[in-house]
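The structure appears right after this line, and notes come after that.
Read-outs throughout are calculated quantities, based only on the coordinates presented, and are distinct from any laboratory measurement. Source: prediction; values computed, not measured. Positions of Cβ are backbone-derived with ideal geometry, glycine not excepted, and every protein chain shown enters the neighbour counts.
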Amino acid sequence: MSTEEISVEETRHVAHLARLAISDDEATMYARQLSAILTHARDIAALDIASVEPTRHAVAVKNITRADEVVPSLDRSEVLAAAPRAEANMFSVPRILGEG
Amino acid sequence: MKIVDLGAADIATAVRSGALSAREVTEAHLAEISAHDASVSAFLLLLSESALQGADAIDAKRAHGEELGPLAGVPVALKDNMVLRGVETTCGSKILQGWKPPYTATVIERLVSAGAIPIGKTNLDEFAMGSSTENSGYFPTRNPIDPARVPGGSSGGSAAAVAAHFAPLALGSDTGGSIRQPASLCGVVGMKPTYGLVSRYGLIAFASSLDQIGPFARSVGDAAMLLSAIAGHDPLDSTSIAESRFDSAGIHGDVRGLRVGVIAEMTEGISTGVAVVLEAAVQALKEAGASVETVSIPATRFGLSAYYLIAPAEASSNLARFDGVRFGLRVEGADITETYEKTRAAGFGTEVKRRIMLGTYALSAGYYDALYGKAQQVRTLIVNGFAEAYERFDVLISPTSPSVAFSFGDRSDPLSMYMSDVCTIPSNLAGHPAMSVPFGAGEDGLPVGIQVLAPALAERVMFKVALALEQAAIAPSLPIWRKAS
């Protein structure tokens, strides 16, 4: 049974949201595969469990605080050395704002 | 006995007493790797030089009469999603090729301070997403018991390294079964601790509410020993449990009077060979004095669907950091958006993209409540289902994997691959400990592991049952090159 849970067009949109460039062939393939996975997930979509609280985390985590003290951190030159491009002690990226 | 056949506890004892030098031990394992890893491909990177230096440092300490740690001179293989300062860490992905992290994971710091010798970084499915290690961005790893078969995944390199006697111990990470399933398929012990027992600092995140680092070993005792070296609170991981620790001392395999439940839902759809081994395990536990009954936990049926919404959702967020700015690959585009899109398209493999898109979709407006929200409610049902079962049972058991190791290319359809994790996923969703113990042989004589599950922080009772199973298990599987001799 092949159901179209997610269309090729929606797949392209999701890829853009996720900042992934995909080809037309990939969009078709992912639409088919994601539809199969989402069809399987219908078993839980159909459950009538509106009153059940969600579990976001297996361990109850509260705010964790620590003393605000200066401690050594990562070495800046070592961190920048791992970046594809860096200059003047900063990560370097293509222009974000328009010319002006 | 060959050095590479010794377990971790025996090696540490021999190194402390001087019966073996740490250098001899490291050299023996490096020689085994050099002789046989060509047919397994367990390692992405060998740390031969630093391992020998580390071994010499241990031997020098002993010569000076200094006290040696509990893992003195024991080689350990590390899954390549744990960072070691200055050493290339790829996570099995082309997007991180050549990246040298500026810090070291807490688990590795703890291993080294216990005297262990990191011997290499092992292969994995890219970003730990997969159940066969076929999704590695570099090359697949082969099962040392039968190289025509997969080792399982995603920690396939670590499982294979231990099964091949390349190292007596290895670390893996387990988000939905990535330690236990390859342990079962390779015939070794693999264990996922309680969520929060082991620090995740320095583990490259896949699904942060599910990920946990844990041990591989060829014996239950060695796995417990490795866990005690890495467990315990770490201020650098805010989800690490305060005051938590694990002590392996004094754990024994006496299961008389223990109540063991066999999870009914996890016996459906398993292979005949796996079913036979499970039945033998039940008989063995009964003979050892435990009471064994079947228990139904209906919510576990929905674990797979919930997991394949929650884990990709968390992954889509975690993997946003791979954007070509701070580390790894960059493919330049006309503007920043095109740079992101081209970098990620070139750096990520098909399965990683599939999961990022699935997660992005599950979190997107209009689907959040119906998909992600629903999955989190199902997670509650699973937690409650286990809680109910643990009112009547001390531990639960099941097969670890529904089948023995499968052949390469056998599960090219993503959904059929995801089914490999059906028995292991519920423990991750609940945050509970679970482990796989090799017990018998299934189809084609391949290893079958039994999964032992326990409530949060009940690792000691879990290890007890694992020890009892180990005592009744068949002889461990040998790597294929050892079978003829």
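The figures follow:
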quantity: Percent of beta bridges antiparallel (DSSP, chain B, rounded to nearest 5); calculated: 65 percent
quantity: Amide H partners (placed H, <5 Å) of B:Val395, local residues excluded; calculated: B:Arg259, B:Gly261
quantity: Cα-based convex hull volume of chain B per residue, rounded to whole Å³; calculated: 137 Å³
quantity: Positive-end residue, chain B charge dipole about Cα centroid, Cβ charges, pick of B:Pro118, B:Ala299, B:Leu457; calculated: B:Pro118
quantity: Relative contact order computed over chain B (Cα-Cα under 8 Å; 6+ residues apart), in percent; calculated: 17 percent
quantity: 0 to 90° range, to nearest 10: angle between helix A:8-17 axis and chain A longest Cα axis; calculated: 20 degrees
quantity: Cα gyration tensor shape for the range B:348-400, rounded if a/c is under 1.5, else prolate or oblate; calculated: oblate
quantity: Long-range HN-HN contacts of B:Leu457 with modeled amide H, under 5 Å; calculated: B:Thr194
quantity: Distance violations [Cα-Cα > 21 Å] among B:Lys61/B:Lys100; A:Lys62/B:Lys353; B:Lys286/B:Lys464; B:Lys2/B:Lys464; calculated: B:Lys61/B:Lys100; A:Lys62/B:Lys353; B:Lys2/B:Lys464
quantity: Antiparallel bridge percentage (DSSP; both residues within the protein assembly as shown; nearest 5); calculated: 65 percent
quantity: Calculated FRET value between A:Leu97 and B:Phe139, using beta carbons and R₀ = 45 Å, to 0.05; calculated: 0.60
quantity: Folded to 0 to 90 degrees: helix A:24-40 orientation relative to chain A principal axis, Cα; calculated: 70 degrees
quantity: Calculated FRET efficiency for the pair B:Arg256/B:Ser317, C-beta based, R₀ 51 Å, to 0.05; calculated: 0.60
quantity: Linear extension gain, B:Ala148 paired with B:Asn384, 0.36 nm per residue minus alpha-carbon span; calculated: 80.9 nm
quantity: Estimated FRET transfer efficiency (A:Thr28, B:Asp369; beta-carbon r; R0 45 Å; 0.05); calculated: 0.95
quantity: Shielding of B:357-365 by partner chains, average beta-carbon count, 10 Å; calculated: 6
quantity: For peptides B:303-313, B:130-140, B:46-56, sequence by mean Cβ density within 10 Å, most packed first; calculated: B:303-313, B:130-140, B:46-56
quantity: Rounded to whole Hz, the Karplus (6.51, -1.76, 1.60) HN-Hα couplings of the range A:57-68, x for glycine and proline; calculated: 8, 6, 10, 5, 10, 9, 4, 10, 10, 9, 5, 8
quantity: Helical mean residue ellipticity (222 nm; -39500 (n - 2.57) per DSSP H run of 4+; nearest 500) of chain B; calculated: -11500 deg cm²/dmol
quantity: Cβ-based charge dipole, chain B, positive-most Cα from B:Ala163, B:Val378, B:Pro151; calculated: B:Val378
quantity: Rough spin-label spacing in nm, given labels placed 7 Å along Cα→Cβ, for B:Asp413 and B:Thr337; calculated: 3.7 nm
quantity: Cut-off under 5 Å, modelled amide H: who pairs with B:Val295 long-range; calculated: B:Val262, B:Ile263, B:Ala264
quantity: Directionally averaged shadow of the protein assembly as shown, computed from the convex hull of its alpha-carbon atoms, nm²; calculated: 28.1 nm²
